[in-house]
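Here is the structure we will look at.
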Amino acid sequence: MPQSEKKAKTSRILGVIAAALVLFVLVPGVIALGIAVWDNRRYLIVSLIIILLSMLPFIISFERRKPKVRELVTLAAMIAIGVAGRAAFYMIPQFKPSVAIVIITGAAFGSGSGFVAGAMIAFVSNFIFGQGPWTPWQMEAMGVIGFLAGLLFCRRDGRLPKLAALVAFGTVAAFAVYGLIADTSTIFTANSEVSWKMLLAAYSSGVIFNLIHAAATAIFLLILAKPLLKKLNRIRIKYGMLEQ
């Protein structure tokens, strides 16, 4: 294997490890700190810390190669589409394309990009829907989904993932991953004491909303995944994005 390919592979592996560390250790730690120390009153500070942490995978993966402006511009465009999509469907609770866009971003550009897209879409769109102590939890939920999508579906050879598998993942992720984290945030942000009755009430009341969210994610993936992934893969292959 040529030295350049070894460096690229090492950078990708380090980026995945860094993203996993941030998502599953550092971000939950920051959220727990916000609850324990600031009593959910410094949620904007917590959100900004999460954004800074989400940059770590990029710093590590880009450290051994020259980052291209077009990579960041394309990622920013996907984040803008996710924010605009969530705003466009504001009148229909939970029926949003945001998770689908995050999954497509992760599948096209990898786990680090999926993580950043998820966290940023949740944060920026909440300037429309309202910032609050729930924002860091939503950033974590969307980031986890984007990270997993990149880990499972991103192909360096340019081949598209199977649509059925992508839709199945999106449906489960929207219901189980986003739904579980969002419902858990309700428990810790709306109440001072946690009990089994409270847990049962929070999770059971969220089932209908999570089902709607899962259905919306599946529908938007069926509509958007194939055409968007074709275009994004073409851009990635043409310019050698995320492959050096």
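The values are calculated or read from the model by the stated rules, or taken from the named source; none is laboratory data. Quantities reported herein were computed from a predicted structural model and do not represent experimental measurements. Backbone-built Cβ (ideal geometry, glycine too); neighbour counts: all protein chains shown.
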What about Val177, is it within 25 Å of Leu52 (Cα to Cα) and assigned to a helix (DSSP H, G or I)? yes
Taking region 26-46 and keeping only residues that are in contact with a helix residue (DSSP H, G or I) (Cβ under 8 Å, 6 or more places away or on another chain) and either within 17 Å of Thr186 (Cβ to Cβ) or modelled with pLDDT of 80 or more (or both), one is left with Leu26, Val27, Pro28, Val30, Ile31, Leu33, Gly34, Ile35, Asn40, Tyr43, Ile45, Val46
Any idea which of (1) modelled with pLDDT under 90; (2) part of a helix (DSSP H, G or I); (3) not polar (S, T, N, Q) is the one Arg159 doesn't satisfy? (2)
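State whether one or more residues within region 226-233 are under 15 Å from Ala141 (Cβ atoms), assigned to a helix (DSSP H, G or I), of a type outside the set (A, V, I, L, M) and modelled with pLDDT of 85 or more. It would help to see each step written out before you state the result.
Restricting attention to region 226-233, the residues satisfying the condition of being under 15 Å from Ala141 (Cβ atoms) are none.
No: zero hits.
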Conditions: (1) under 23 Å from Ala19 (Cα atoms); (2) touching a helix residue (DSSP H, G or I) at 6+ places or on another chain (Cβ under 6 Å); (3) surrounded by fewer than 18 Cβ atoms within 10 Å (Cβ to Cβ); (4) aliphatic (A, V, I, L, M). Ile181 meets all but one. Number of the miss? (3)
Test result for Ala18, surrounded by 15 or more Cβ atoms within 10 Å (Cβ to Cβ) and modelled with pLDDT of 70 or more: yes
